[in-house]
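**Q** Here's a structure for you.
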Amino acid sequence: MNVRALGVLAVVASCGSDDAGPYCGAHELLRDQRSSLCTSAHELAKRATTAIIASQEEIDTAEALIRTTLPALRPTFAWVPRAAPWYQTRGLVELVVTDPGIEAAWANGLAPSGNEVVDRVVQELDVWDFSSEVYGPGGHSYALWSRGAPSAPNVREALQGVAGVEVIVWSEFDPNATNVVDEGIDPADGARAVTYSIGWEDCAVGCHFAHHWRTKVGADGTAWLVTDWGDDLPAALVEGLATPEPML
């Protein structure tokens, strides 16, 4: 990350909206799913981290970025859209294992596998729930639910040299899904761009309609709406966006 980007993030982290913070916890994903702000902060931090799960500092920075940019969308938005879970189900890492030693070690639940790399990754995942099932003609699939915001691509990278272990990573996401996307620093003006999206109608199979708003935050922490585009919002959705959630 360049010096200019670090400067903008430092200002963002020291600012905030009209809410107190930080609020979200690096190992509190289960609790934080009550809050659309925290759900999105976990997701943004997960996409950016190089670690197995996002750190508290990364969660705090993502939360501050959302708190700073969202006011640029008021009064249209009274709540933070829940960022779509790229790469995996939120909080879940899925492994397909064909190594007989690991399968035997995990036959009765999560336990030391006998493989140092696998055990280190599992420890870093901070797993709170674990399940398994037979996978196809051979092997087992394992579901590891993390207390934090795990990155399936980073888990795959960490385990790529381990024979008999495959990490399931989604290759696509719906560009029309309700989302918050940190687009990083715009070199044209040095401001950080964050796009908010709302999708609707048949989103379980890919939203048919969507509207998008691009915001920016400058080096002084001031945020503004740059542009918006997409389908016209239905009246009921307009009303819903302007109705505060019980908890942000």
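**Q** Excluding ILE168 itself, what net charge comes from residues whose Cβ is under 12 Å from its Cβ, given Lys and Arg +1 and Asp and Glu -1?
**A** -1
**Q** May I have the extent of the alpha carbons of the stretch 92-167 along their three principal axes, as whole Å values ordered from largest to smallest?
**A** 31, 25, 22
**Q** To continue, here is another question. Can you give the Rg and Dmax of the chain based on its C-alpha atoms, in angstrom?
**A** Considering the chain through its Cα atoms, Rg and Dmax are 19.7, 58 Å.
**Q** Still on this structure, please answer the following. Is there a quick way to get the dipole size of the chain? I mean about its Cα centre, with the Cβ of Lys and Arg at +1 and of Asp and Glu at -1; what is the value in debye to the nearest 20?
**A** 380 debye
**Q** Arranged by the count of other C-beta atoms within 10 angstrom, fewest first, what order do CYS38, CYS24 take?
**A** Fewest-to-most Cβ neighbours within 10 Å comes out as CYS24, CYS38.
Readers should treat all values here as calculations from the given coordinates under stated rules, not as data from a laboratory. No experiment lies behind these values; they were computed from the predicted model shown. Here Cβ is always computed from backbone atoms with ideal geometry, including for glycine, and neighbour counts include all displayed protein chains.
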